[in-house]
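This report concerns only the one structure given below.
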Amino acid sequence: MNIDRRQLAFAGAAALGASALLRNNTACAADDAGVSAAVEELRKASLAADTAKLTALADDQITYGHSDGRVQNKAEMLNGFKTRKATVKSIDFPDLKIAVAGDVAVARHRYVSDSELDGKTNHIEIGVIECWHKQGAGWKLLGRQGYKLG
């Protein structure tokens, strides 16, 4: 299954629009908290390059898009974390916004990171949209797309 940016954006917009119709305030708060916790686990696992945790968080059908246009499947994404050359000093996900529609959630945030490679520091600040799917009591990352901020 190939998903391009346009389809991912459409799915996100549909989930955001449908969320107002499908939300139950009590269940909604629990789902928001669950997605928020999953996003935080993703942030920590990304910082630590914890491929075991990343494997557990990512759906087998994940499409993982970067702000430079590269799109990876699960094996490619995990290999990218496993073989990264830079030393990542920090990763933060500020401005997190979550919309839940049934068993699907869309999370939007900024990705702010500082790293070092060959003595040179690098600061990255991009936008990210993530699509999460509820499986059992937990949430799995189904899609992620980074994009350059205007």
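Derivation of every value follows stated rules applied to the coordinates shown; laboratory data play no part. As the structure is a computational prediction, the values presented were derived from the model and not from experiment. Every residue, glycine as well, gets a Cβ built from its backbone with ideal geometry; the counts of neighbours run over all protein chains shown.
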Note: I124 to Y147 extended length (0.36 nm per residue) minus current alpha-carbon separation gives 7.1 nm
In sequence order, calculated HN-Hα J values of the range 57-64 (Karplus, 6.51, -1.76, 1.60; Hz; x Gly/Pro)
7, 8, 5, 4, 9, 4, 10, 10
Sorted by chain and number, the residues with a modelled amide H under 5 Å from that of V104, at a separation of 5 or more or across chains, are K134
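Which length gain, in nm to one decimal place, applies between A33 and A48 when the Cα-Cα distance is subtracted from 0.36 nm times their residue separation? Intermediate values should be presented prior to the final figure.
Details: separation 15, 0.36 × 15 = 5.40 nm, distance 2.25 nm.
In short, 3.1 nm is gained.
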Nearby aspartates and glutamates by direct alpha-carbon distance to K148 (threshold 20 angstrom, same-chain neighbours under 8 apart not counted):
D4, D68, D92, D95, D114, E125, E130
How large is ³J(HN,Hα) for each residue in the range 81-86, as worked out from phi by the Karplus curve 6.51 cos²θ - 1.76 cosθ + 1.60 (θ = phi - 60°), to whole Hz, x for Gly and Pro?
5, 5, 10, 4, 8, 6
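Using Cα pairs under 8 angstrom and six or more residues apart, how large is the relative contact order of the range 30-96, in percent?
Details: 44 pairs, mean separation 21.9, N = 67.
Once divided by the residue count of the range 30-96, the mean separation gives 33 percent.
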Choose one of L42, F93, V112: the residue whose Cα lies farthest towards the positive end of the charge dipole of the range 22-130 (beta-carbon charges +1 Lys, Arg; -1 Asp, Glu; about the Cα centre).
V112
